[in-house]
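Heads up, the thing below is written out as structure tokens.
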Amino acid sequence: WTFGIPSYGLFHLGKHRHRLDDIRVKEKFGFLYNGYEYRTWYWEVVVLFRKMALVALSLPYSGVSTRLLVLFAFLVLIISFHFQFKYEPYLLDEADTMENRS
């Protein structure tokens, strides 16, 4: 479920990415891309995978140092910040600014 549902959404959004204005596509998948620019129609899935990575890193692993897990979590956040800053995916500039500062 964890990877299946976001992957399903990504697959279908990719399949219909040239028809995102179509009313049938909006009814089924609009909640996944409303608020994002058309060139970043996939961004909600990026956010979901980032959240899944952080949750996975917060689980206790035997034999793995806490410092290493924190380092990986920090790496996930730095990479996320880089792509957020580079692509600025939101329709509203204020949303991009808020996300960049958070």
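The values are calculated or read from the model by the stated rules, or taken from the named source; none is laboratory data. Everything numeric in this text was worked out from a predicted model, so none of it was measured. Glycine gets a Cβ as well: all are built from the backbone with ideal geometry, and neighbour counts include every protein chain shown. Side chains are part of the model used for accessible areas, which takes the heavy atoms of the whole protein and leaves out ligands, DNA and RNA. Shrake-Rupley method; radii C 1.70, N 1.55, O 1.52, S 1.80 Å.
The structure shown yields semi-axes √(5λ) of the Cα gyration tensor in Å, and of the options (1) 29, 18, 9; (2) 24, 15, 12; (3) 20, 14, 12 that calculated value carries the label (1).
Within straight-line reach of residue 26, meaning a Cα separation under 24 Å, sit the following lysines at least 8 residues removed in sequence or on another chain: 15. Based on Cα contacts under 8 Å between residues 6+ apart, the chain shows a relative contact order of 26 percent. Residue 88 sits among other residues whose Cβ lies under 12 Å from its own Cβ, and their net charge, with Lys and Arg +1 and Asp and Glu -1, is -3. Heavy atoms of the protein chains alone define the surface here; on that basis the chain has 75 Å² accessible area per residue at 1.4 Å probe size. By the combined test of axial Cα extent (at least 15 Å) and Kyte-Doolittle hydropathy (mean at least 0.0), the qualifying DSSP H helices of the chain come to 4-15, 43-58, 66-87. Only helices enter this figure: runs of n ≥ 4 DSSP H residues, each worth -39500 (n - 2.57), summed and divided by the residues of the chain, yield -22000 deg cm²/dmol at 222 nm to the nearest 500. Among 55-65, 16-26, the peptide with the highest mean count of other Cβ atoms within 10 Å heads the list, and the full ranking is 16-26, 55-65.
Candidates 89, 46, 56 compared by Cα position along the dipole of region 37-102: farthest toward the positive end lies 56, with charges placed on Cβ. Tally up the carbon and sulfur contribution to the accessible surface of the chain as a whole percent, 1.4 Å probe, everything protein left in place. After summing per-atom areas, the C and S share lands at 66 percent.
Rounded to the nearest 20, the Cβ-based charge dipole of the chain about its Cα centre (Lys and Arg +1, Asp and Glu -1) stands at 400 debye.
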